[in-house]
Amino acid sequence: MPHAIQIQAFGGPEVMQWVDLPVGEPGPGQIRIRHRACGLNYIDIYQRTGLYANALPLTLGMEAAGIVEAVGEGVTHLAPGDRAAYASQPPGAYSEVRVMPATAVVRLPEGIDFEPAAAMMLKGLTAQYLLKKTLPAEGLQPGDHVLWHAAAGGVGLIACQWARALGLQLIATAGSAAKCQLALEHGAAHAIDYRREDFVARVKAITGGRGVKVVYDGVGKDTFDGSLDCLRPLGLLASFGNASGPVPPFAPGILGAKGSLYLTRATLFTHLASRQSVQAMAEDLFAVVLSGQVKIRIDQRFALADVALAHRELEARRTTGSTILLP
């Protein structure tokens, strides 16, 4: 019987269990896929702890790549034997085999293997919708500065490269000199070690006191106030994660006082709601990867059964680039 990582209660890494999980035939609009590699993402931690609540018991995981084994009625864009990958709701990617909705599953092009595919779908599509769709009121033009927090992680390193390809001057923040160097090597124009430097002061110095048009912030509570202070008037703070905890309540008037700022709490799965949007975003991601402008860096590999260790490393910020889990 296939195995999966499941939780019966919310909590720390110890709540994840290696269980037998029966897998049936796909129904209408579904596929059955056998995973070759699974992705690890911070959203998995939010779901494990209950910050993002789901019904229990819960099989974790949002991203994987593998071989389609069967398709249900109405599925026409995939066929048995296809190499495929996805970032998709509902959770369930921490498994050897699963039945799932076909909407967000796409066929993998030749030239992209299972491991980079599993490492790039959620992270790469996140970078895509942020850099291409989550834009300040004045838009972004080549030469513009943008600020990206936690830029040495999986999403950040993709964003550094993609921003460079778009002609943007990405200012990266990271938690060590080594991580800052990694961001620079992947296309960041500037890097700030937030443990040693005041990132607001550095951003103002880099931009001649003007600030940036947009801040992409996946950190949350610890960076929120500083992110607002890095924006020029009419700038946009795109909050897309809570690695340090959720942003506490605040008075909206602060946005006016700091320059009529915009704030959005963006989520990937809003953008993946339709088959057409999923395909268009995936094709954009595949094209930039196949062109060589974005390379997928996998710095950690764990057996799926050892996922608790992977979670501990990610939570302790001891990882760089992407991490994959191997069934």
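The values are calculated or read from the model by the stated rules, or taken from the named source; none is laboratory data. Just so you know, these numbers come straight off a predicted model, no measurement behind them. Cβ sites come from the backbone with ideal geometry, for glycine too, and all protein chains shown count toward neighbours.
Brief remarks on what is shown
- Scanning the range 177-205 for residues that are buried (at least 19 other Cβ atoms within 10 Å of the Cβ) and either closer than 16 Å to A163 by Cβ or small (G, A, S) (or both) returns C180, L182, A183, H186, G187, A188, H190, A191, I192, V203.
- Strands (runs of 3 or more DSSP E) fully within the range 1-75 that include at least 2 residues being closer than 20 Å to A118 by Cα and either touching a residue at least 40 places away in the same chain (Cβ under 8 Å) or not assigned by TED's automatic domain parsing to the domain that holds G218 (or both): 3-7, 30-39, 63-71.
- Qualifying residue in the range 225-241 (condition: surrounded by 18 or more Cβ atoms within 10 Å (Cβ to Cβ), at pLDDT below 95 and either part of a helix (DSSP H, G or I) or not hydroxyl-bearing (S, T, Y) (or both)): yes
- Filtered by the rule that a residue be touching an Asp or Glu at 6+ places or on another chain (Cβ under 7 Å) and within 18 Å of L135 (Cβ to Cβ), the range 241-276 gives no residues.
- D217 being charged (D, E, K, R), in contact with a Ser or Thr (Cβ under 7 Å, 6 or more places away or on another chain) and outside the structural domain of G321 (by TED's automatic domain parsing): yes
- Test: residue in the range 211-222 that is in contact with a Phe, Trp or Tyr (Cβ under 8 Å, 6 or more places away or on another chain), in contact (Cβ under 8 Å) with a residue 12 or more places away in the chain, farther than 23 Å from S260 by Cα and surrounded by 18 or more Cβ atoms within 10 Å (Cβ to Cβ): no
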